[in-house]
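The values are calculated or read from the model by the stated rules, or taken from the named source; none is laboratory data. All values derive from a computational prediction rather than experimental measurement. Reconstructed Cβ throughout: ideal geometry from the backbone, glycine too, with neighbour counts over all protein chains shown. The area values use the complete protein model at the heavy-atom level, side chains included, leaving out ligands, DNA and RNA. Shrake-Rupley method; radii C 1.70, N 1.55, O 1.52, S 1.80 Å.
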Amino acid sequence: MSGIVRGTVGFNDLKLPGAWTRKIGKDLYEVFIGPQHPGSGHMRIIIRVDGDIIVEAEPDMGYVHRTMEKLSEVRTWIKSIPLFERMAIHDACNVTLPYVRAVEKLLGIEAPERAKYLRVLLCEINRIAAFLYGFGIFGVFLGHSTMYMWPFGDREVWVELAEWLTGARLTHTYPVFGGVRRDVPAGFTDALRKAIRYMRRRLEDYRKIFVDNPVIRSRLEGVGYIPRNLAIELGITGPNLRASGVKYDVRMNHPYEVYDQLDFEIPVFQEGDAYARVLQRVEEIKQSLRILEQVADWLDKHERSPILHDRFWKTAPPLYKKVFQEQGRAKLMAVYAILKVPKGKAYERGETARGEISYYVESDGKNTPYRVRIHSASARNALVYKYILPGHRVMDLPAIYGSIDYFPPEADR
Amino acid sequence: MTGWVEAIIKIIEWPPLWQLVVLGLIAPLAVVIYILWFERKTAARVQRRIGPYHVSPRIAGGLQLLADLIRYSFQEVIIPKTVDKAAFISAPLIALILSILPVVAIPFTDVPKWFPLPMDYSLILALALVTLSPLFIIVAGWASNNKFAIIGGMREAYLIVSYEIIAILSFLAATAMTGTYNLVDIVHAQTGWKWFIVLNPLAFFTAFVGVLLSTSGFPFEIAESEHEVVAGAFTEYSGLMYGINMGAAYLKRMIYSLLLTVVFLGGWYPLKPGEGFIWGYLAPSIVIFIKATILMMIFSFFRAVYGRYRLDQAIEIAWKILFPLTVIAFGLGLLEAYYGII
Amino acid sequence: MPPRPVEKHVHPRGIFSRFKGNLEAIAIGVKYFFDPKRSTLIYPKEYIKLREGYRGFIVLVKNKCISCSSCARICPAAAMKMVKVPVTDPKTGKQRIKKFPVINYNRCIFCGYCVDVCPTEALYHVPYHDIVYESMEEAVTDLESFQKEPEYKTAKEGLPVRYIVDEVKGLVKIRVKKEGGEKK
Ligand code: SF4
Ligand code: SF4
């Protein structure tokens, strides 16, 4: 067994990628996990097993590729927002926000403060919902059906709030250039506070039934260990990176919107195994709840004020202002449809629930982008399977797959 | 006329028939159907759902399982070209028969007239029969000629080696306590609330976990674990054949529960078998079935609470924790017998 | 205070915590077994009465429309199309061609851009979403059907409910009136 790193012991002396696979040639048994396998997403992992040990793993992505980058080149600027949303519909605000910000950068405008808070509000609601979604999938991968239903049920609370705020359950299309589309409805912050308290209570239940459940701990501890240097080398992002002990979060290192004015922590776990990644997400949900509380306080203290940048809002006719005052709906100006963005290049990044997403946007002054390049978190995290699966048992595959919280549509774009 | 009726009653009362067909097949099937419904309902309650409902809203979806059964029976049974046909078809059927066969060795009364077999070595016989059926799950997996099925079959094989000795040894703790293999005598030794679950809880615990291991109950639902091996050895089965496979596992768990009831939960006590068919045979078996059903419900509840262990962890638990415990339980039984507590 | 990193560690576990973990897990299972706190919607016996502001199906108010085509231009899914209709001008009595939008629900993604961009509020959302078309053709509206609110069959058969956020139960289902506000 020399050269093989077992899932449970001896993970401290890992060497660099490639060092711990071994080939047995003909005796290997090749198993195709996916794309229609109940334990895979829209992807395939080809594993070669020697007995019960995986010796090679090849993630095979691209089953839900939708040519988003190319499609965006033939659409006017604003039409790409609903398009990019389809990468991760339950994380819609987080994945589209950097695009909106990049275009704002090119336009030379910035959203008003209230809009910034509203963006953070929806981003964190989305983040919690996405984490819960990830937990649900993870739970069922480990055969824990209660952990499948509970987070999905509790996610409904956040989806309900998002629907109230934006008018759609998932594809919110909330941030637009220069602001957001709707202001908080009356009574929203009260419901939000209740949801925060409810979620805190539920996290305790999750701890009891899942996180501290001895079966789950046995399944996860020491499994799927990503050493710190491997995580950096592969460019893993998000909770997975932080669970390996790297202090990097876009919200902290390159703060955007109002994140630098909010009081919250970036939890960083040192262990780097699947269990640390679970705890990492639990801690991040707690921090998101903290952010939401502050946002709710801010929103309560401040009166309704325009949520679109002046460049657009000053052209608003009286009807628009009336609708905004009465319904909190910021109507879009006709110019949005035919917006021309000045020549230039912009790069923006944001922290989604699964890690850093970055947009490179280039404009040649027309009403469509010249090029939009997206680098999504899941695409970066997916690489890790090739390097950490070998050496584990076949039954570790769902545990590792779930703990990375990989989301194929986001990776394939 | 009365002659006919008497003859029919005679035939029904004939122990081998009654025991195998009614107590071995029909009653466990009814319990299994109830348990499947209960399992879904329990999981639903814990998971804050409603569970089966729309088929019969008045009785909380109680007919859902019958509906499923009907659907299964009318579904096309697909037999892939690449399988070994004879083995593919016969394996689940043999497994089904073998999983209900042990019922012939379980006494439901202490009136010798109603014994289907002589009871002198019934515990050994029951345990021997109960351990046969998993072999055919391996056969089914192998015959399917599918990678997931073969992996599932292999997992089953791994598990057999680890749970069999635990299950057998913890049941044999009762023999250590009473000095007999006769299940009737074992039940008799439990008169006056001296149930072996009280006298030797350790043995009951290991037997309980052993049963969970052997019948793919959570947290040891490993051989059919959906997210790695689709449906384990049964991946290629469809329609009624799949239903039989799944049913066989539950029937096996039911038989194990009956055995647990007889050995640890005082059998037909507090009832004392009396005279005649009703009080001598029917009533005691109902008591045993009720106890076994409660056990089944506890087994089912774990689905809502646990995930599944990894294969090597399950085997590790079996050998490193349960096996020593079983030996201790056996020793405890011997000690109790030595000091005459029994 | 700006965001800052905080190092955390996984707590090691011993035999005792293993035992405790099992007990806690079973205890919480039993707790929810006896008090499930469920909030399942028994659809279609009940349906959610969505809030005003929900981006549901879209209706055109024809006499408000000024034929500016903004809605068709901004539609990201190309669901909104302008059709030419001959109209008589009420003042001059002259015949002329005017353009009005129609919508193809096969394509629409309910982003609500069209409603938001319309300068005269000639479009509005109805707060319901569960409508089934029997064929692809039915989902393409013409000018007539685009002006009518689509028939909401669920509301005829089911009871309207609404979910409110609760601190203990998460979402709580409450009965509401078919029209207007909440029922006591
Ligand atoms: S809601 Fe969006 S997709 Fe639908 S018609 Fe309006 S703009 Fe087009
Ligand atoms: S945007 Fe409004 S006014 Fe303009 S064409 Fe569309 S519906 Fe008519």
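A search for C-beta distances below 7 Å between a residue of region C:48-72 that is within 11 Å of chain A (Cβ to nearest Cβ) and any residue that is open to solvent by 20 Å² or more (accessible area, probe 1.4 Å) and charged (D, E, K, R), counting only pairs 6+ apart in sequence or on different chains, returns C:I48/C:R162; C:K64/C:E121; C:S69/C:K99; C:A72/C:K81. Please go through region B:178-203 and give me each residue that is touching a Gly at 6+ places or on another chain (Cβ under 7 Å), under 16 Å from B:Y269 (Cβ atoms) and assigned to a helix (DSSP H, G or I), ordered by number. Listed by number, the list holds a single entry, B:V187.
Every test in (1) open to solvent by less than 10 Å² (accessible area, probe 1.4 Å); (2) more than 30 Å from A:P306 (Cβ to Cβ) is passed by A:Y174 save one, and that test is (2). Of the set (1) more than 7 Å from every other protein chain (Cβ to nearest Cβ); (2) surrounded by fewer than 23 Cβ atoms within 10 Å (Cβ to Cβ), all apply to A:Y198 but (1).
Does any residue of region C:131-150 turn out to be surrounded by 15 or more Cβ atoms within 10 Å (Cβ to Cβ), over 29 Å from A:M333 (Cβ atoms), away from ligand 1 (no atom under 16 Å from the Cβ) and under 22 Å from the mean Cα position of the chain (by Cα)? There is no residue in region C:131-150 that is surrounded by 15 or more Cβ atoms within 10 Å (Cβ to Cβ), over 29 Å from A:M333 (Cβ atoms), away from ligand 1 (no atom under 16 Å from the Cβ) and under 22 Å from the mean Cα position of the chain (by Cα). Quick one: would you say C:R73 is open to solvent by 20 Å² or more (accessible area, probe 1.4 Å), modelled with pLDDT of 85 or more and under 28 Å from A:S80 (Cβ atoms)? Yes: the conditions hold for C:R73. Please work out which residue is farthest from A:V384 (Cα to Cα), limiting yourself to region A:219-255 and to residues that are hydroxyl-bearing (S, T, Y) and open to solvent by less than 10 Å² (accessible area, probe 1.4 Å). It comes out as A:S244.
Being within 30 Å of C:H129 (Cα to Cα) and within 10 Å of another protein chain (Cβ to nearest Cβ) is true of C:S39. Being assigned to a helix (DSSP H, G or I), within 16 Å of ligand 1 (Cβ to nearest atom) and assigned by TED's automatic domain parsing to the domain that holds A:E265, is that true of even one residue in region A:110-119? No: zero hits. Among the residues of region C:82-106, those that are in contact with a helix residue (DSSP H, G or I) (Cβ under 9 Å, 6 or more places away or on another chain) and either open to solvent by 40 Å² or more (accessible area, probe 1.4 Å) or within 13 Å of ligand 2 (Cβ to nearest atom) (or both) comprise C:M82, C:V83, C:V85, C:K99, C:F100, C:P101, C:V102, C:I103, C:N106. Restricting the first member to region C:107-121 and to residues that are more than 7 Å from chain A (Cβ to nearest Cβ) and farther than 17 Å from C:I66 by Cα, and the second to residues that are near ligand 1 (Cβ under 6 Å from one of its atoms) and of a type in the set (G, A, S), the beta-carbon pairs closer than 7 Å and six or more apart or on different chains are C:R107/C:A77; C:R107/C:A79; C:C108/C:A77; C:C108/C:A79. Being without any contact (Cβ under 8 Å) to a residue 60 or more places away in the chain, assigned to a loop (DSSP other than H, G, I, E, B), within 14 Å of ligand 2 (Cβ to nearest atom) and surrounded by fewer than 19 Cβ atoms within 10 Å (Cβ to Cβ) is not true of C:I42.
B:R45 satisfies every condition listed in (1) within 14 Å of chain A (Cβ to nearest Cβ); (2) at pLDDT below 85 except (2). Here the condition is being assigned to a helix (DSSP H, G or I), closer than 16 Å to B:L96 by Cβ and touching a Phe, Trp or Tyr at 6+ places or on another chain (Cβ under 6 Å); of B:L240, B:L213, B:L251, it holds for B:L240 alone. Within region C:113-122, being outside any helix (DSSP H, G or I), within 10 Å of ligand 1 (Cβ to nearest atom) and more than 17 Å from C:Q147 (Cα to Cα) holds for no residue. Identify the residue in region B:216-237 that is more than 13 Å from every other protein chain (Cβ to nearest Cβ) and assigned to a helix (DSSP H, G or I) and, among all such residues, is farthest from B:I321 (Cα to Cα). The residue in question is B:F234. Selection within region C:121-130: residues that are open to solvent by less than 40 Å² (accessible area, probe 1.4 Å) and within 14 Å of ligand 2 (Cβ to nearest atom). The member of this set that is farthest from A:Y174 (Cα to Cα) is C:A122.
State yes or no: is A:G167 free of Cβ contacts under 8 Å to residues at least 12 places away in the same chain and either within 10 Å of chain B (Cβ to nearest Cβ) or touching a strand residue (DSSP E or B) at 6+ places or on another chain (Cβ under 9 Å) (or both)? So A:G167 does not fit the description; no. Checking every residue in region C:100-110 against the condition of being touching an Asp or Glu at 6+ places or on another chain (Cβ under 7 Å) and more than 7 Å from ligand 1 (Cβ to nearest atom) gives at least one match.
Per-residue answers, yes or no, for (1) of a type in the set (D, E, K, R); (2) open to solvent by 10 Å² or more (accessible area, probe 1.4 Å); (3) more than 24 Å from A:I89 (Cβ to Cβ):
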residue: A:R373; (1), (2), (3): yes, yes, no
residue: A:A377; (1), (2), (3): no, no, no
residue: A:A382; (1), (2), (3): no, no, no
residue: A:Y385; (1), (2), (3): no, no, no
residue: A:A399; (1), (2), (3): no, no, yes
residue: A:P409; (1), (2), (3): no, yes, no
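Can you name the residue in region C:74-95 that is in a loop (DSSP other than H, G, I, E, B) and within 7 Å of ligand 1 (Cβ to nearest atom) and, of all such residues, is nearest to the other protein chains (Cβ to nearest Cβ)? Only one residue fits best here, namely C:P76.
All of A:K340, A:K314, A:K321 fail the test of being away from chain C (no Cβ under 14 Å), open to solvent by 60 Å² or more (accessible area, probe 1.4 Å) and out of contact with any Pro (no Cβ under 7 Å at 6 or more places or on another chain), apart from A:K314. Checked against the criterion of being in the same structural domain as A:F138 (by TED's automatic domain parsing) and in a helix (DSSP H, G or I), the candidates A:I236, A:I196 yield just one match: A:I196.
Looking across B:F234, B:F205, B:F196, B:F171, one residue alone is aromatic (F, W, Y) and surrounded by fewer than 22 Cβ atoms within 10 Å (Cβ to Cβ). It is B:F205.
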